[in-house]
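Asks: Quick one: this structure, given as structure tokens, is what I'll be asking you about.
The values are calculated or read from the model by the stated rules, or taken from the named source; none is laboratory data. The structure presented is a predicted model; accordingly, all values stated were derived computationally and were not measured. Cβ placement follows ideal geometry from the backbone for every residue including glycine, while neighbour counts extend to all protein chains displayed. For the accessible areas, the whole protein counts, side chains as well, though only heavy atoms, and no ligand, DNA or RNA atoms are used. Shrake-Rupley method; radii C 1.70, N 1.55, O 1.52, S 1.80 Å.
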Amino acid sequence: MVLREAFFVFGDKMIDPKRHLLRLNDWSEERILETVDIAMRLKKEIHEGKPSTRFHGQTIGMFFEKPSLRTITTFQVGIHQLGGAAVILDPTSIGLGKRESIKDVARCLSRWVNALVVRSFKQELLEQLAEHGSIPIINALTDDYHPCQAISFAQMFLEQFGTLRGKTVAFIGDGNNVANSLTTLASKVGMNFTLACPKGFEQPKAVIDETAEGFKRHGTKYRVFNDPKEAVKDADILYGDVWVSMGQEGGKDAKQAYFLPFQINDELLSYAPAHCMVTHCLPAHRGEEITDSVMDGNRNLSYEEAENRLHAQKAVLWQLMSPTDK
Ligand code: CP
Ligand code: NVA
């Protein structure tokens with residue numbers, strides 16, 4: 001089997017998606033599973049007090065246009081654990097595309113740092129940085145995708161359930177960036193993906209199209225339900241996220257009204273199999289998309305997933321950066 005992943009053209013330049021983590025769909029099943037393996041090994045090394053210093057003396061830029069607790073903290077801690085240094089870049093000061101062109105910022109940063117972690121609104125910004133720079137670009141969340149979250153979920157799920165294949169994740173809520181990357185993950189690794197959302201909040205057609213081949217190849221299912229009780233019936237894990245994502249706060253009250261029946265609470269869990277667990281990418285809005293009772297209950301794996309952000313992201317860097325002594 002040829003494992004070549006397509007180059008894609010952006011502007012007049014070819015971007016090799018394997019040099020970056022722009023979206024999970026650019027990575028093969030083998031590479032995703034290998035990344036989870038590396039993450040597990042790095043986690044073990046930390047617990048045994050024997051961390052690798054693979055990136056000793058290297059520097060990684062962190063450019064975040066949206067707020068963050070988990071992603072910005074875990075990248076910095078992880079880079080430190082691997083012997084490198086993180087440099088926080090201030091979007092207001094840099095004025096990307098306003099004070100200076102994206103092209104020139106990408107070219108300059110490529111002379112100073114070994115990789116760039118970016119949280120942005122537009123997916124296109126990451127593609128432009130990848131096009132004009134010469135360093136790996138890592139997607140730390142855009143309006144469209146959150147690949148690091150999906151890899152951390154895969155690690156957590158494997159730790160808890162022992163396998164990904166044939167298992168079912170039911171995402172309850174908005175067909176958003178996190179849902180998109182989980183759908184990609186599921187299509188690649190042989191999981192079933194269920195979305196439970198109000199009508200009109202489904203995922204973009206592009207995501208359904210780009211994941212269809214993976215679901216077909218594995219014989220797994222992509223399903224959408226507008227009734228959350230139906231959606232959870234055969235789920236191994238329920239996945240929660242905010243109803244209103246960062247940058248989409250306009251019309252928040254109206255949107256929330258549609259989502260009230262989609263709260264992850266004890267009643268909804270009673271329709272799921274007894275073994276079904278729950279996770280949430282966090283931050284959770286307790287009392288909105290998920291109740292205190294579920295968040296504080298013994299079926300919640302959100303904090304295990306959050307812990308793995310640290311190791312999964314180190315594994316992503318491991319895949320994309322050359323070790324210092326090479
Ligand atoms: N889940 C996640 O990405 O959290 P932050 O927004 O706090 O980084
Ligand atoms: N969908 C959420 C995820 C936060 C980690 C957002 O984009 O705000």
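Asks: Please work out how much length the chain gains when fully extended from Val87 to Ser134, using 0.36 nm per residue of separation minus the C-alpha to C-alpha distance, in nm with one decimal.
Replies: My answer for the length gained is 15.2 nm.
Asks: Another question, if that's okay. Considering only Ala212, Ala186, Ala306, give the residue with the highest GNM mean-square fluctuation for the chain, with springs between Cα atoms whenever their separation is below 10 Å.
Replies: Ranking Ala212, Ala186, Ala306 by mean-square fluctuation puts Ala212 first.
Asks: What percent do you get for the relative contact order of the chain when only Cα pairs under 8 Å and 6+ apart count? Don't jump to the answer; show the numbers that get you there.
Replies: Values: 629 pairs, mean separation 63.6, N = 326.
Answer for the chain is 20 percent.
Asks: Just to be sure I understand: of the beta bridges DSSP finds with both ends in the chain, what percent are antiparallel, rounded to 5?
Replies: The antiparallel proportion sits near 10 percent.
Asks: Oh, and also: On the principal axes of its Cα set, how long, how wide and how thick is the chain? Give whole Å, largest value first.
Replies: Largest first, the chain extends 55, 46, 42 Å along its Cα principal axes.
Asks: Quick one: which residues, 5+ away or cross-chain, put their amide H under 5 Å from the amide H of Ile237? H built at 1.01 Å from N.
Replies: Those qualifying (amide H under 5 Å, at least 5 residues apart or on another chain) are Thr168, Ala170, Met277.
Asks: DSSP H helices in the chain with Cα extent of 24 Å or more along the helix axis and mean Kyte-Doolittle hydropathy at least -1.0? Each step should come with its number before you reach the end.
Replies: On the way: long enough: 29-47 (27 Å, -0.48); 302-320 (27 Å, -0.77).
Span-like helices, by this rule, are 29-47, 302-320.
Asks: Moving to a separate point now. Pull out a ≥ b ≥ c, the square roots of the eigenvalues of the alpha-carbon gyration tensor of segment 159-236, then state rounded if a/c is under 1.5, prolate if not and a/b is larger than b/c, and oblate in the remaining case.
Replies: oblate
Asks: Then there is this: Say R0 is 22 Å: what FRET efficiency, to the nearest 0.05, do Arg299 and Asp234 get from their beta-carbon distance? All intermediate terms of the calculation are to be shown ahead of the outcome.
Replies: Numbers: r = 16 Å, r/R0 = 0.74.
With a Förster radius of 22 Å, E is 0.85.
Asks: Please list, in order along segment 198-204, the HN-Hα scalar couplings obtained from phi with the Karplus expression 6.51 cos²θ - 1.76 cosθ + 1.60 (θ = phi - 60°), rounded to whole Hz, x for Gly and Pro.
Replies: x, 3, x, 10, 6, 6, x
Asks: Taking each pair of different alpha-carbon atoms in segment 223-301 once, compute 1/r for the pair, average those values, and report the inverse of that mean as the Kirkwood hydrodynamic radius in Å to one decimal.
Replies: Computed over Cα pairs of segment 223-301, the Kirkwood hydrodynamic radius comes out at 13.0 Å.
Asks: How do the peptides 222-234, 171-183, 82-94 rank, highest first, by the average count of neighbouring beta carbon atoms within 10 Å per residue? The partial results should precede the final answer.
Replies: Values: 222-234: 17.4, 171-183: 25.8, 82-94: 14.7.
Taking the mean over residues of other Cβ atoms within 10 Å, the ranking is 171-183, 222-234, 82-94.
Asks: Of the listed peptides 145-152, 130-137, what is their order by residue-averaged count of other C-beta atoms within 10 Å, with the highest listed first?
Replies: Result, highest mean Cβ count within 10 Å first: 145-152, 130-137.
Asks: On a full-extension model of 0.36 nm per residue, what is the gain between Glu267 and Asp37, subtracting their alpha-carbon distance, rounded to one decimal in nm?
Replies: 79.2 nm
Asks: Tell me what the chain gives for mean residue ellipticity at 222 nm when only DSSP H runs of n ≥ 4 count, each as -39,500 (n - 2.57), the sum divided by the residue total, rounded to 500 deg cm²/dmol.
Replies: -12500 deg cm²/dmol
Asks: Separate question: Distance check, please: which entries in Lys188/Lys252; Lys50/Lys314; Lys229/Lys255; Lys43/Lys221; Lys18/Lys188 exceed 22 angstrom between their Cα atoms?
Replies: Distance filter (> 22 Å) returns Lys188/Lys252; Lys43/Lys221.
Asks: Turning to a different aspect of this structure: Could you work out what % of the accessible surface of the chain is carbon and sulfur, using a 1.4 angstrom probe and leaving DNA, RNA and ligands out of the count?
Replies: Carbon and sulfur atoms account for 53 percent of the accessible area of the chain.
Asks: Once the piece of chain linking Arg107 and Met14 is laid out straight, how much longer is it, given 0.36 nm per residue of separation minus the C-alpha distance between them?
Replies: 31.9 nm is the gain from fully extending Arg107 to Met14.
Asks: Also, quick follow-up: With a point put 7 Å past each Cα toward its Cβ, work out how far Lys205 is from Lys44 in nm, to one decimal.
Replies: 4.7
Asks: Tell me, what is the per residue accessible area of segment 212-326 in Å², probe radius 1.4 Å?
Replies: 46
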